[in-house]
Amino acid sequence: RPLVELRGVCKWYDDFSALHDIDLTVHEGEKVVVCGPSGSGKSTMIRCINQLEAHQLGTILVDGVEVSPDMKNIERIRREVGMVFQSFNLFPHMTILENLTLGPIRNRGASRAEARDLAMHYLNRVHIAEQADKYPTQLSGGQQQRVAIARSLCMKPKVMLFDEPTSALDPEMIAGVLDVMIELAEEGMTMIVVTHEMGFARKVADRVVFMDQGEIIEVAGPEAFFNAP
Ligand code: ADP
Ligand code: ADP
């Protein structure tokens, strides 16, 4: 079943073409790694999928729902598409637990107790449960990124997008975040991951998409891709 579909997607800034004629279908449970040089449109492509950016031409569907440039389905799209960025964007004046419980989960009508249980469940899954009552600055960057992943998972998204989730981390913090992402992949989450971590790509990716100058120039299985001459 196709969960994310891009057909003929184009985006430009003034006369600069950031995305040109992008076609990509990601099926339920599939893991796609997106790579390519800086400025090639990787971030723009995934930001268009959850409407942080609006595309100008073409069609984007998330589980059959149109991601339309007029934002008419934006609430539904944001609920179904989880997003993890390079920066963690946690609220500094709230505890880790509050960062998860005081936002979108409550807005979906969960009671205080339900929100807390759900948050603790996901903090457990990213191995941060013991830090639930600390504040973000008391955690390492890697731990904060795992909290950001848990915060996204609380929305029970159908697909998770990652935009260079380990690029801002000290090297010793990267493995812990990648391990959590690998666990998520093994549990069957549909994932689109922009990353330069080729070890992760080799281990997890069903397909690797290579972008350059706003276009997808190659799509391959990780083996073919990494063994190419
Ligand atoms: P990548 O993620 O592959 O590094 P991006 O998607 O961030 O690439 O950017 C693609 C291109 O679009 C870059 O050349 C970038 O400078 C340009 N770009 C991104 N956002 C804007 C914007 N708001 N206005 C103008 N150009 C932009
Ligand atoms: P990343 O490296 O994560 O892709 P960038 O540094 O390319 O991030 O961009 C950071 C922000 O600046 C993004 O929101 C992007 O849309 C915006 N941006 C990038 N390039 C330009 C540009 N040439 N003009 C205006 N905004 C830009």
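Hey, fewest Cβ within 10 Å first, where do H55, H93, H121 land in order?
Final ranking by Cβ density, sparse to dense: H93, H121, H55.
With each pseudo-label sitting 7 Å past Cα toward Cβ, what's the E130-E218 distance in nm, one decimal?
About 4.4 nm separates the two model spin labels.
I want to check a number: in the chain, how many lysine pairs have alpha carbons closer than 25 Å, given a sequence separation of 8 or more or different chains?
Lysine pairs meeting both conditions in the chain amount to 17.
Enumerate the amide H contacts of M211 below 5 Å, restricted to partners 5 or more residues apart or on another chain; note that Pro and chain-start residues carry no placed amide H.
Correct list: C35, G36, I217.
How big is the dipole moment of region 76-196 about its Cα centre under a simple scheme where the beta carbon of each Lys and Arg is +1, that of each Asp and Glu is -1, and everything else is neutral? Debye, nearest 20, please.
Approximately 700 debye in magnitude.
Taking amide hydrogens as modeled 1.01 Å from N in the peptide plane, which residues meet the under 5 Å criterion relative to S68, leaving out close sequence neighbours?
Here N73 satisfy the definition.
Once both labels are modelled 7 Å past Cα along the beta-carbon direction, what's the D117-H196 spacing in nm?
Taking the simple label geometry, D117 and H196 are separated by 4.4 nm.
Against the longest alpha carbon principal axis of the chain, how many degrees, from 0 to 90 and to the nearest 10, is the axis of helix 171-186 turned?
Around 80 degrees separate the two axes.
So, R0 is 45 Å and r is the distance between the beta-carbons of R7 and A175; what FRET efficiency does that work out to, to 0.05?
E between R7 and A175, to the nearest 0.05, is 0.75.
Placing unit charges on C-beta atoms (Lys and Arg positive, Asp and Glu negative, everything else neutral), compute the dipole magnitude of region 1-89 about its Cα centre in debye, rounded to 20.
Here the size comes out at about 260 debye.
Ordered by residue, what ³J(HN,Hα) values in Hz, to whole numbers, does region 192-206 give under the Karplus form 6.51 cos²θ - 1.76 cosθ + 1.60, where θ = phi - 60° and Gly and Pro are x?
Listing the rounded values in order: 10, 10, 8, 7, 9, 7, 6, x, 4, 4, 5, 7, 10, 5, 7 Hz.
Which order do R76, R207 fall in if you start with the one that has the fewest other Cβ atoms within 10 Å?
Fewest-to-most Cβ neighbours within 10 Å comes out as R76, R207.
When a/c is below 1.5 the answer is rounded, else prolate if a/b is larger than b/c, else oblate, so apply that to region 57-184 with a ≥ b ≥ c taken from the square roots of the Cα gyration tensor eigenvalues.
Oblate shape, in that a/c is at least 1.5 and b/c is the bigger or equal ratio.
FYI, it's all coordinate maths here, none of it is from the lab. Note that the coordinates shown come from a computational prediction; the quantities given were computed from them, not determined experimentally. Methodologically, a virtual Cβ is constructed for each residue, glycine included, from the backbone with ideal geometry; neighbour enumeration extends over all protein chains shown.
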